[in-house]
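Peer 1: Here you go, one structure.
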Amino acid sequence: MLDDETVLEIVQLENGDLALRRADDDSGELLLRVGASQALRESMQGEYLNIARVMLTAGVQLMAEAGFIAETEAELPQPTIH
């Protein structure tokens with residue numbers, strides 16, 4: 001359950017993607033994931049990690065501003081990976 005006390009962290013995965021997860025969750029479950037092709041990462045000239053962090057942070061901020069709080073884990077939106 002996500003509530004006002006939930007602490008989230010951004011982690012870098014082995015493949016270079018960035019993901020959002022609960023800081024106290026050792027299960028490895030990801031709430032949100034941001035990735036890009038190798039060609040796109042190269043064209044960003046080393047700025048991929050900064051851009052992905054901003055995307056994740058903006059998503060969390062928008063969810064907070066919208067007042068989104070899930071009653072159960074099943075109500076959390078499933079991330080879409082493109």
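Residue-wise test of (1) at pLDDT 90 or above; (2) more than 18 Å from Ile10 (Cα to Cα); (3) part of a loop (DSSP other than H, G, I, E, B).
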site: Ala36; (1), (2), (3): no, no, yes
site: Gln45; (1), (2), (3): no, yes, yes
site: Leu49; (1), (2), (3): no, no, no
site: Arg53; (1), (2), (3): no, no, no
site: Leu56; (1), (2), (3): no, no, no
site: Ala64; (1), (2), (3): no, no, no
site: Ala70; (1), (2), (3): no, yes, yes
site: Pro79; (1), (2), (3): no, no, yes
site: His82; (1), (2), (3): no, yes, yes
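Peer 1: If you scan the stretch 1-27, which residues turn out to be assigned to a strand (DSSP E or B) and at pLDDT 85 or above?
Peer 2: Step one: of the stretch 1-27, the residues assigned to a strand (DSSP E or B) are 8-12, 18-22.
Answer for the stretch 1-27, where residues must be assigned to a strand (DSSP E or B) and at pLDDT 85 or above: Glu9, Ile10, Val11, Gln12, Leu18, Ala19, Leu20, Arg21, Arg22.
Peer 1: Going by the conditions given, is Leu30 under 15 Å from the mean Cα position of the chain (by Cα), surrounded by 10 or more Cβ atoms within 10 Å (Cβ to Cβ), part of a loop (DSSP other than H, G, I, E, B) and not small (Gly, Ala, Ser)?
Peer 2: Numbers: under 15 Å from the mean Cα position of the chain (by Cα): yes; surrounded by 10 or more Cβ atoms within 10 Å (Cβ to Cβ): yes; part of a loop (DSSP other than H, G, I, E, B): yes; not small (Gly, Ala, Ser): yes.
It is true that Leu30 is under 15 Å from the mean Cα position of the chain (by Cα), surrounded by 10 or more Cβ atoms within 10 Å (Cβ to Cβ), part of a loop (DSSP other than H, G, I, E, B) and not small (Gly, Ala, Ser).
The values are calculated or read from the model by the stated rules, or taken from the named source; none is laboratory data. Owing to the predicted nature of the structure, the values given are computational and were not obtained by experimental measurement. For neighbour counting, all protein chains shown are included, and Cβ atoms are generated from backbone atoms with ideal geometry for every residue, glycine included.
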